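Please read the structure below before turning to the comments.
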Amino acid sequence: MPIKCMKCNKDAIIFQKYSGMHLCRKHFIEDVERKIKLTIRKQYNVEKGDIIAVALSGGKDSIVLLHILHKIFSKRRDVEIVAITIDEGIEGYREVTLEKARKLTSELGIRHIVRSFKDEYDKTLDELVAQERELGACSYCGVLRKSLMNKIANEIGATKLATGHNLDDEAQTIMMNHLGGDVERMIRLSPPRALEGLVLRAKPLRKVPEKEIALYAIVNDLPFDMSECPYAHEALRGEVRDMINDFEVRHPGTKYSIMRGFDKMVGILGKEFPQASLTDCRVCGEPCTAELCQACKLLGRS
Amino acid sequence: MSPQVEVKIFPESPEGQIIDVPDGATYEDLLKILDINQELVILLNNGQAVPIDGTVDAGTITILRAISGG
């Protein structure tokens with residue numbers, strides 16, 4: 001005998017241990033969308049005239065993010081959504097997700113900007129990491145991608161830059177910063193105010209567990225692939241993820257607790273640790289805290 | 001007699017394997033047998049998503065490793 005949805009008596013497709021609810025397809029979709037709408041309303045006040053840039057890699061999180069933002073805002077004529085995809089140049093990997101990203105934006109009729117490391121920095125990520133280097137591939141990729149994403153968002157006059165970070169990502173990052181004792185980095189995760197030159201980040205999926213993002217994609221027939229970036233992932237994040245997931249199974253709700261505690265503290269911390277003011281990088285003009293930005297440093301520009 | 005189910009795990013073993021599960025076992029029990037953390041996967045039975053505390057039915061069970069880096 002299948003377990004029934006607690007709201008309508010249809011067959012349940014999920015048991016949320018942290019809430020104690022069994023939900024059917026319809027009520028699961030409603031629950032995910034409710035959490036996202038609530039996050040947007042409480043944390044990222046969307047105003048008339050907003051241009052929301054959406055960082056679209058083509059992976060499940062960003063696909064779900066764009067799908068839901070389109071669902072929420074496409075009827076509003078005073079808000080525009082623009083998808084931005086960065087092609088880092090990772091052979092055998094990015095082509096696949098890029099294709100999924102293109103398919104979704106054309107189906108939804110969303111303006112889509114695709115820019116590559118090759119065009120911007122004259123080298124693909126594959127070429128950059130083949131050189132002699134001190135840092136891991138993910139450092140190069142992350143720094144350059146964020147820098148280019150911010151630059152494009154500014155070029156199109158975006159007032160917000162939305163990314164697909166989910167509850168698991170957030171809980172992991174918070175925990176990693178705790179373990180590293182890195183309070184400044186923690187504050188940067190949830191900046192108390194907008195900084196000049198840096199488009200305001202929004203993470204509408206931060207209250208939805210990663211597993212539920214995947215399930216949402218499946219039940220909505222959104223493109224979903226399980227391919228992985230060929231470059232090794234941050235080792236520490238993997239360890240922290242496993243630790244948090246072990247805790248979550250034994251103590252359901254742990255991920256939410258990690259985030260809730262952080263959200264309460266970060267406002268207070270922001271007052272004690274004022275953010276460094278930003279200046280323009282003297283080479284590329286992107287906002288940074290030093291004379292030369294991280295991206296230009298990595299590229300050996302001076 | 002304990003039921004047998006066919007389990008396919010994506011992406012690593014899509015060809016499937018036959019597993020004996022104890023009578024009345026839940027999907028959660030099945031994942032424990034396979035030593036897979038339930039936070040990392042989506043479970044489908046004959047293509048339909050199923051809750052983790054449901055009793056394992058006859059049929060083909062698909063386990064999708066939905067969380068990258070796993």
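Brief remarks follow.
- Sequence-distant lysines (8 or more away, or on other chains) whose Cα lies within less than 25 Å of A:Lys297: A:Lys118, A:Lys123, A:Lys146, A:Lys151
- Area of B:Ile33 that stays accessible when all protein chains are in place (1.4 Å probe, Å², to 10): 90
- Simple spin-label estimate for A:Ser227 and B:Leu34 in nanometres, 7 Å along Cα-Cβ: 2.4
- Take A:Thr124: with every protein chain present and a 1.4 Å probe, its accessible area is about 30 Å².
- Karplus-derived 3J(HN,Hα) values for the stretch A:267-276, using 6.51 cos²θ - 1.76 cosθ + 1.60 with θ = phi - 60°, are x, 5, 4, x, 6, 6, 10, x, 5, 4 Hz; glycine and proline are entered as x.
- The slack between A:Lys71 and A:Lys48, meaning 0.36 nm per residue of separation minus the straight C-alpha distance, is 6.6 nm.
- According to the Cα-based calculation, Rg over Rh for the stretch A:72-172 is 1.00, with Rh computed by the Kirkwood formula.
- For chain A, modelled as a GNM whose springs connect Cα atoms under 10 angstrom apart, the maximal fluctuation among A:Ala235, A:Ala171, A:Ala55 occurs at A:Ala235.
- Surface composition of chain B: carbon and sulfur make up 47 percent of the accessible area, probe 1.4 Å.
- Heavy atoms of the protein chains alone define the surface here; on that basis the protein assembly as shown has 50 Å² accessible area per residue at 1.4 Å probe size.
- Overall form of the stretch A:29-298 per C-alpha gyration tensor (a/c, 1.5; a/b vs b/c): rounded
- The B-A contact accounts for roughly 2000 square angstrom of buried accessible surface, both chains included, probe 1.4 angstrom.
- Each residue, A:Glu99 and B:Asp53, gets one label point 7 Å from its Cα in the Cβ direction; the gap between the two is 4.2 nm.
- Net charge dipole size for the stretch A:29-298 [Lys, Arg +1 and Asp, Glu -1 on Cβ; Debye, nearest 20]: 1220
- For the stretch A:1-58, GluC sites (Glu not before Pro) are listed when DSSP marks them as loop and at most 12 other Cβ atoms sit within 10 Å of their Cβ; the list is A:Glu47.
- Coupling constants for the stretch A:35-40 follow from the phi torsions by the Karplus curve (6.51 cos²θ - 1.76 cosθ + 1.60, θ = phi - 60°), and in residue order they are 4, 5, 4, 5, 4, 4 Hz; glycine and proline get x.
- Percent carbon-and-sulfur accessible area, the stretch A:29-298, ignoring ligands, DNA and RNA, probe 1.4 Å: 51
- Around the amide H of A:Met21, modelled in the peptide plane, lie the amide H atoms of A:Gln16, all under 5 Å away and 5 or more residues distant in sequence or on another chain.
- Long-range HN-HN contacts of A:Ala162 with modeled amide H, under 5 Å: A:Ala53, A:Val54, A:Ala55, A:Ala202
- Taking chain A as a Gaussian network of alpha-carbon nodes connected by springs under 10 Å, the highest mean-square fluctuation of the residues A:Asp119, A:Asp280, A:Asp87 belongs to A:Asp119.
- Mean shadow area of chain B, taken as a quarter of the surface of its Cα convex hull (nm²): 4.2
- Under-5 Å amide H pairs with B:Val41, H placed in peptide plane, nonlocal only: B:Ala66
- Phi angles across the stretch A:17-24 convert, under the Karplus curve 6.51 cos²θ - 1.76 cosθ + 1.60 with θ = phi - 60°, into 3J(HN,Hα) values of 4, 5, 10, x, 9, 9, 10, 7 Hz, Gly and Pro given as x.
The values are calculated or read from the model by the stated rules, or taken from the named source; none is laboratory data. Quantities reported herein were computed from a predicted structural model and do not represent experimental measurements. Glycine also receives a Cβ, built like all others from the backbone with ideal geometry; neighbour counts cover every protein chain displayed. Surface accessibility is based on the protein's heavy atoms, side chains included, excluding ligands, DNA and RNA. Shrake-Rupley method; radii C 1.70, N 1.55, O 1.52, S 1.80 Å.
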